[in-house]
Amino acid sequence: MNAEDAHNVLVEVFLDVAPDCDPTSVPGDAPYREVLAIDSMDFLNILELVAEETGVEVPESDYDAIQTFDQFVAYLVHATD
């Protein structure tokens, strides 16, 4: 998976979980949970859908590594290499 594919998956997943948010408006280096008001339940739903779409499961120990869209994209690219 390349960075563009990973970004597109994330946008789609965020819109599925929180259809009122605009993930494309969040700067890549901004904390998306804070900017989009993603609560913990939505976050877990996002992780579940990402796993379904990409086969990548993010363990709780890696949550700090995916706090921004740029980090999340890089995580997915690396995990699917």
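Quick check: anything in segment 54-64 closer than 17 Å to Leu15 by Cα and open to solvent by 20 Å² or more (accessible area, probe 1.4 Å)? Step through it out loud before you land on a result.
Step one: of segment 54-64, the residues closer than 17 Å to Leu15 by Cα are 54.
Filter once more, so that each one left must be open to solvent by 20 Å² or more (accessible area, probe 1.4 Å): 54.
Yes: one or more hits.
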Restricting to segment 1-41, give me the number of residues that are touching a Phe, Trp or Tyr at 6+ places or on another chain (Cβ under 7 Å) and aromatic (Phe, Trp, Tyr).
1
Matching residues, segment 6-52, being surrounded by 15 or more Cβ atoms within 10 Å (Cβ to Cβ) and either more than 10 Å from the chain's Cα centre (by Cα) or not in a helix (DSSP H, G or I) (or both):
Val17, Ala18, Cys21, Val26, Ala30, Val35, Leu36, Ile38, Asp42, Asn45
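The values are calculated or read from the model by the stated rules, or taken from the named source; none is laboratory data. Keep in mind that what you see is a predicted model, and the values were worked out from it rather than measured. Virtual Cβ from ideal backbone geometry, glycine too; neighbours counted across all protein chains shown. Accessible surface is based on the protein model in full, side chains and every heavy atom, while ligands, DNA and RNA are left aside. Shrake-Rupley method; radii C 1.70, N 1.55, O 1.52, S 1.80 Å.
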